[in-house]
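A single structure is presented below for examination.
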Amino acid sequence: SSITPILHDIGFMIIDEVTYNIQNSTQLIFVSRFNLKVNTDEDLKRIINAQDNIENIITSSLKDSSLIHSKAFSLVLNQNFDLKQIGLVRAFIEYIDQAVLTINSATILNTLTTHHVITNHFVNYFCIKFNPKVKTRKEKLNALEIKIEEKIKQIPQIIDDKILKLTFSFLKSLLRTNYYMNKETIAFKINTLLFGENLKGLQPNLENFIYHPSFYGVHLRMS
């Protein structure tokens with residue numbers, strides 16, 4: 001009962017399940033075998049490619065009750081994201097949800113998981129921008145900006161187009177982050193004036209933003 005919703009959030013379709021237990025000396029081991037629907041060879045390749053992260057996400061979710069599973073877990077299967085990258089995407093969503101009064105977090109999450117290829121570009125953009133080990137940063141960012149803008153132009157849905165553009169504007173407005181310092185929380189320093197040029201209803205006191213993955217909401221340090 002604990003594993004099934006996690007598998008659904010990752011994107012698996014469960015056909016059936018068999019449960020049994022094995023006695024190992026004095027220890028009783030419970031086993032659940034799931035028969036998952038795989039439609040194409042491409043689906044199978046995605047599972048094999050993301051196998052390590054899938055196993056880690058399931059194990060982490062079962063061991064840590066504070067880790068909230070959601071549709072964001074589908075990024076593990078579709079883009080081979082690890083838990084830290086999923087936390088980063090969730091932090092993006094939480095900030096935009098609080099800054100934009102007319103769009104809720106569920107809608108943002110649906111857009112970013114539906115257009116997961118663009119979301120992968122967003123995460124790569126963030127990493128190129130702030131990873132201290134990256135070389136030729138400016139050239140790589142410029143090339144990726146062109147690719148992201150071309151991808152967004154192909155989106156026909158108005159609300160998805162708006163959310164993806166806002167997310168990209170948010171990424172461009174980021175000044176600093178502690179993401180590469182391996183802290184418990186993810187913190188952003190944001191140029192709200194730059195972000196506000198593309199956004200009506202921006203709350204200007206969200207200049208410093210702290211996201212904690214074990215909470216439903218976020219911590220905000222007001223400036």
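When the residues of the range 132-153 are narrowed to those that are in contact with a helix residue (DSSP H, G or I) (Cβ under 6 Å, 6 or more places away or on another chain) and at pLDDT 95 or above, which ends up nearest to Leu174 (Cα to Cα)?
Leu141
Quick check on my filter: what residues within the range 1-60 are of a type in the set (Gly, Ala, Ser) and under 22 Å from Leu109 (Cβ atoms)?
Step one: of the range 1-60, the residues of a type in the set (Gly, Ala, Ser) are 1-2, 11, 25, 32, 50, 60.
Result: Ser2, Gly11, Ala50, Ser60.
Has the range 109-124 got at least one residue that is at pLDDT below 95 and of a type outside the set (D, E, K, R)? First the steps, then the outcome.
In the first step, residues of the range 109-124 are kept if they are at pLDDT below 95; the result is none.
Checking the range 109-124: not a single residue is at pLDDT below 95 and of a type outside the set (D, E, K, R).
Is it the case, given these coordinates, that Leu88 is within 21 Å of His115 (Cβ to Cβ) and open to solvent by less than 40 Å² (accessible area, probe 1.4 Å)?
Values: within 21 Å of His115 (Cβ to Cβ): yes; open to solvent by less than 40 Å² (accessible area, probe 1.4 Å): yes.
When the stated conditions are applied, Leu88 passes them.
Suppose we filter the range 1-55 for residues that are over 21 Å from Lys71 (Cβ atoms) and either assigned to a strand (DSSP E or B) or in contact with a strand residue (DSSP E or B) (Cβ under 9 Å, 6 or more places away or on another chain) (or both); how many remain?
Number satisfying all stated conditions: 17.
Which one is farthest from Thr114 (Cα to Cα), of the residues in the range 8-35 that are free of Cβ contacts under 8 Å to residues at least 40 places away in the same chain and open to solvent by less than 50 Å² (accessible area, probe 1.4 Å)? Show your work before the answer.
Start the filter on the range 8-35 by keeping residues that are free of Cβ contacts under 8 Å to residues at least 40 places away in the same chain, which leaves 8, 13-35.
Among the residues that remain, those that are also open to solvent by less than 50 Å² (accessible area, probe 1.4 Å) are: 14, 31.
Details: Ile14: 20, Val31: 32 Å.
That would be Val31.
Which condition breaks for Asp52 when tested against (1) farther than 21 Å from Lys162 by Cα; (2) at pLDDT below 95?
Of the numbered conditions (1) farther than 21 Å from Lys162 by Cα; (2) at pLDDT below 95, the odd one out for Asp52 is (2).
Counting only residues that are open to solvent by 80 Å² or more (accessible area, probe 1.4 Å) and either in contact with a strand residue (DSSP E or B) (Cβ under 7 Å, 6 or more places away or on another chain) or assigned to a helix (DSSP H, G or I) (or both), how many does the range 56-65 have? If you could, list the steps in order and put the result at the bottom.
Step one: of the range 56-65, the residues open to solvent by 80 Å² or more (accessible area, probe 1.4 Å) are 62-63, 65.
Within this subset, residues satisfying the condition of being either in contact with a strand residue (DSSP E or B) (Cβ under 7 Å, 6 or more places away or on another chain) or assigned to a helix (DSSP H, G or I) (or both) are 62-63.
Residues in the range 56-65 being open to solvent by 80 Å² or more (accessible area, probe 1.4 Å) and either in contact with a strand residue (DSSP E or B) (Cβ under 7 Å, 6 or more places away or on another chain) or assigned to a helix (DSSP H, G or I) (or both): 2 in total.
When you go through Ile68, Ile29, Ile86, Ile96 one by one, which is the residue that is more than 30 Å from Phe170 (Cα to Cα) and of a type outside the set (Gly, Ala, Ser)? Quick ask: steps written out before the conclusion?
Working: Ile68 fails: more than 30 Å from Phe170 (Cα to Cα); Ile86 fails: more than 30 Å from Phe170 (Cα to Cα); Ile96 fails: more than 30 Å from Phe170 (Cα to Cα).
On inspection, the qualifying residue turns out to be Ile29.
Checking Pro132 against (1) in contact (Cβ under 8 Å) with a residue 24 or more places away in the chain; (2) within 19 Å of Thr167 (Cβ to Cβ): exactly one of these is not met. Which one?
Of everything listed in (1) in contact (Cβ under 8 Å) with a residue 24 or more places away in the chain; (2) within 19 Å of Thr167 (Cβ to Cβ), Pro132 misses just condition (2).
Further, regarding this structure: How about the range 98-124: which of its residues are farther than 20 Å from Ser74 by Cα and either surrounded by 15 or more Cβ atoms within 10 Å (Cβ to Cβ) or touching a strand residue (DSSP E or B) at 6+ places or on another chain (Cβ under 7 Å) (or both)?
Across the range 98-124, the qualifying residues are Gln98, Ala99, Val100, Ile103.
For the range 72-100, what are the residues that are outside any loop (DSSP other than H, G, I, E, B) and over 26 Å from Leu194 (Cα atoms)? I'd like the intermediate steps shown before the answer.
Here is the first cut: in the range 72-100, the residues outside any loop (DSSP other than H, G, I, E, B) are 72-79, 83-99.
Those that are outside any loop (DSSP other than H, G, I, E, B) and over 26 Å from Leu194 (Cα atoms): Ala72, Phe73, Ser74, Leu75, Val76, Leu77, Asn78, Gln79, Leu83, Lys84.
Moving on to the next point. Quick one: how many residues across the range 130-189 are surrounded by fewer than 18 Cβ atoms within 10 Å (Cβ to Cβ), within 17 Å of the chain's Cα centre (by Cα) and among the β-branched types (Val, Ile, Thr)?
Residues flagged as surrounded by fewer than 18 Cβ atoms within 10 Å (Cβ to Cβ), within 17 Å of the chain's Cα centre (by Cα) and among the β-branched types (Val, Ile, Thr) within the range 130-189 amount to 1.
The values are calculated or read from the model by the stated rules, or taken from the named source; none is laboratory data. These numbers were taken from a predicted model, which means no experiment stands behind them. Note that we place each Cβ from the backbone using ideal geometry, even for glycine, and neighbour counts take in every protein chain shown. Keep in mind that these areas ignore ligands, DNA and RNA; they rest on the heavy atoms of the full protein, side chains included. Shrake-Rupley method; radii C 1.70, N 1.55, O 1.52, S 1.80 Å.
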